[in-house]
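So the structure is just underneath, and the comments pick up after that.
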Amino acid sequence: MRTHFCGELNREHIDQTVTVCGWVNRRRDHGGVIFVDLRDKKGILQVVFDPDIADMFALAESVRNEFVLKVTGLIRVRPEGTLNSEMPTGEVELLAGELEILNQSETPPFQLDDDDVHDDIRLRYRYLDLRRPEMQHRMQLRAAVTHYMRSWLEENEFLDIETPMLTRATPEGARDYLVPSRTHTGSFFALPQSPQLFKQLLMMSGMDRYYQIVRCFRDEDLRADRQPEFTQLDIETSFMDEDGIMGLMEAMVQGLFKSVLSVDIDNDFPRMGYVEAMERYGSDKPDLRISLELKTISDLLSDVEFKVFSGPAQDPQGRVAALRVPGGNSLTRKEIDGYTEFVGRYGARGLAYIKCNDVAEGREGLQSPILKFLPDEAIGEILVRTGAESGDLIFFGADKANIVNESLGALRIRVAQDLGLVEDGWRFLWVVDFPMFAHDERENRWSALHHPFTAPGTNDVDALEANPGGMLSRAYDMVLNGTELGGGSIRIHQVEMQQRVLKLLGIDEQEAEDKFGFLLNALRYGCPPHGGIAFGLDRMIMLMSGASSIRDVMAFPKTQTASCLLTSAPSPVSDKQLRELNIRLRKPQSET
């Protein structure tokens, strides 16, 4: 139906007769001449309708936004003074000779170039939202990313293998989405949170190198980078250690950014241990574009009379840390109160601070309600340890270490964003040497920091049981600009080690057999050493496109309450369908 896309036309096409199709982005009537901005997936072209062709002009007068048109005419240079350098097609226009209205449109619920439209409206009319050039670009970027990944992995001898969508429920950290079975009364399938066990089984099957771009499902509370269904690039390899897997993934990511964004990524992907990341940044996914760091000062404050500091400083599970903010002396009391409220969301009970007016004057050059509680020696060492200069501000966190890390780690990012302290660029990082287990004090039990199939840093099962809290895992996360792009590990490939790990996690022999019997049995038949990684594809494209949420890079996402405004899902089903599934809904008890 068309000879060219709208966004492709330029000076090279002057004096050519072309046919284009698209949507009316805007219609303007200027003193008897009608201008239409016609839009397709490649861009926008200005179309001019002259009153000399009366029938066509009359038809053009009826055109409104989002009408679908087919226009044939002559490409010409725009008149002097009307050139638009901000548009790729801004030097030319199409003088229409023929017009066909392929379809009409009701008045859209929002103007597509209006950036101030509520998300609920965009999601309810997602088919309109996806017409916006910004969304078109994101979907095209997503397609380019997955195309490159598939090509690269297949060139490197990875097999694209599908794994089941209907499987059994296994404890993987989040609630499963369950699917009732019609043929097995009272039993349920689970939608996979990840293909973890299946990809390990593929390694046991001799597939050697596997990949899959796969949908995963988790019934959990949502936020900007979470959705109930999301997409992973899932990868697993046999006979390869951490260095081999990490090196392969670095090469893939470098090639991806070069191919899709024309960005050269430095060959050096730094590695940082988990403990160091938490100590310096309060996070296991630190944003290295921000130079601000946390400094532990517990040793300086353990003997002060100020219990707010000395209590956590003396607590083996506590931490007192300082965060220097360059130029932060200009922050107002209202702004500091705002940051105090912000860290309170992470469990902090307050936010102490010192303003550094003139550090050369010592105590006299500082301003803070807490100065009277601190000895000169401690103040002097805090200034040295944080590197504070005149004009800076120092924030303090004092509590359990996890609360200090979470609150000051989040504050570090928030302050840097507010004060323009975030550098440009792409900063990759591998975080390694994670603890194997985390201990739940309330339930007095161990939990897997990654998942129960991650290999520990030892092959000695007795050493693992003797000191689970001190054991590191063979896990690794790729981080980009403060976001975890992907996480992986070397897996357990010996049945005895897997049984011991499950036992440490409080899963007894019978439960292990019930839930993981198929995996344990497979481990007994010559399982090769293997490991892999899974990348959050939505998160990666969110970063690459500059979007603020993974919803902006998914065609049909859910809301914060895991509902689809477009299709009104989830929705009730008929009694007939429920009876076929042998499901009876409880009726609410009548009030007495």
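Computed from the coordinates by the stated procedures, all read-outs in this text should not be read as laboratory data. In this text the structure is predicted, and so the values were computed from the model without any measurement. No Cβ is skipped: glycine too gets one built from the backbone with ideal geometry, and neighbour counts run over all protein chains shown.
What the table below lists for this structure:
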{"read-out": "Surface/4 estimate of mean projected area, convex hull on alpha-carbon atoms of segment 290-422, nm²", "value": "7.0"}
{"read-out": "Cα-based reach from K558 at 18 Å (exclusive), listing aspartates and glutamates while leaving out same-chain residues under 8 positions away", "value": "D119, D120, D129, D176, D219, E220, D221, D225, E229, D538"}
{"read-out": "In nm, spacing of pseudo-spin labels at E341 and E305 (7 Å Cα→C-beta vector)", "value": "3.4"}
{"read-out": "D440-N357 FRET efficiency (beta carbon distance; Förster radius 60 Å; 0.05 resolution)", "value": "0.85"}
{"read-out": "Cα-based Rg of the chain normalised by 2.2 N^0.38 Å, two decimals", "value": "1.20"}
{"read-out": "Under Karplus coefficients 6.51, -1.76 and 1.60, residue-wise ³J(HN,Hα) of segment 305-313 in Hz, glycine/proline x", "value": "6, 6, 5, 4, 9, 5, x, x, 5"}
{"read-out": "Set of lysines near K41 by C-alpha distance (under 19 Å), chain-local residues within fewer than 8 positions excluded", "value": "K70"}
{"read-out": "Positive-end residue, segment 281-336 charge dipole about Cα centroid, Cβ charges, pick of S302, I336, G318", "value": "I336"}
{"read-out": "Gain in span if fully extended, A251 to E162, counting 0.36 nm per residue against the direct Cα distance", "value": "29.6 nm"}
{"read-out": "Estimated FRET transfer efficiency (E134, D514; beta-carbon r; R0 56 Å; 0.05)", "value": "0.70"}
{"read-out": "Calculated FRET value between V495 and D241, using beta carbons and R₀ = 22 Å, to 0.05", "value": "0.60"}
{"read-out": "Per-residue [θ]222 nm for the chain (sum of -39500 (n - 2.57) over DSSP H runs n ≥ 4, rounded to 500)", "value": "-9000 deg cm²/dmol"}
{"read-out": "Straight-distance crosslink candidates among aspartates and glutamates, where the alpha carbon sits under 20 Å from K372 and sequence neighbours closer than 8 are dropped", "value": "D299, D303, E305, D358, E361, E364, E381, D392"}
{"read-out": "Contour minus Cα-Cα distance for L74 and K372 (0.36 nm per residue)", "value": "99.2 nm"}
{"read-out": "Percent RCO, i.e. relative contact order, over segment 223-377, from Cα pairs under 8 Å lying at least 6 residues apart", "value": "11"}
{"read-out": "Ranked by how many other beta carbons lie within 10 Å on average, peptides 459-466, 313-320, 13-20 from highest", "value": "313-320, 13-20, 459-466"}
{"read-out": "When each of K400/K515; K515/K576; K285/K400 is checked by Cα-Cα distance, pairs over 24 Å", "value": "K400/K515; K515/K576"}
{"read-out": "Phi to ³J(HN,Hα) by Karplus 6.51 cos²θ - 1.76 cosθ + 1.60 over segment 237-250, Hz, x for Gly, Pro", "value": "9, 9, 6, 9, 8, 4, 4, x, 5, 5, x, 4, 5, 4"}
{"read-out": "Simple spin-label estimate for E580 and V275 in nanometres, 7 Å along Cα-Cβ", "value": "5.9"}
{"read-out": "Where GluC sites (Glu not before Pro) fall in DSSP loop in segment 44-91, at most 14 other Cβ within 10 Å", "value": "E80, E86"}
{"read-out": "Calculated from backbone phi, Karplus (6.51, -1.76, 1.60) coupling profile of segment 556-562 in Hz, x at Gly/Pro", "value": "9, x, 9, 7, 5, 9, 6"}
{"read-out": "Stokes-Einstein D in µm²/s, Kirkwood radius over Cα pairs - segment 444-574 at 4 °C with 1.567 mPa s viscosity", "value": "73"}
{"read-out": "For G318, distant residues with modelled amide H under 5 Å away", "value": "A401"}
{"read-out": "Extension gain from E12 to K334, taking 0.36 nm per residue of separation minus the Cα-Cα distance", "value": "110.1 nm"}
{"read-out": "At most 14 other Cβ within 10 Å, DSSP loop - trypsin sites (Lys or Arg not before Pro), segment 336-443", "value": "R345, R349, R442"}
{"read-out": "Other-chain or far-sequence residues with amide H under 5 Å of L485's (modelled H)", "value": "M478, V479, L480"}
{"read-out": "The chain: relative contact order in percent, alpha carbon pairs under 8 Å with at least 6 residues between", "value": "13"}
{"read-out": "Label-to-label distance, nm, for residues given as D462 and L261 (7 Å Cα→Cβ offset)", "value": "5.1"}
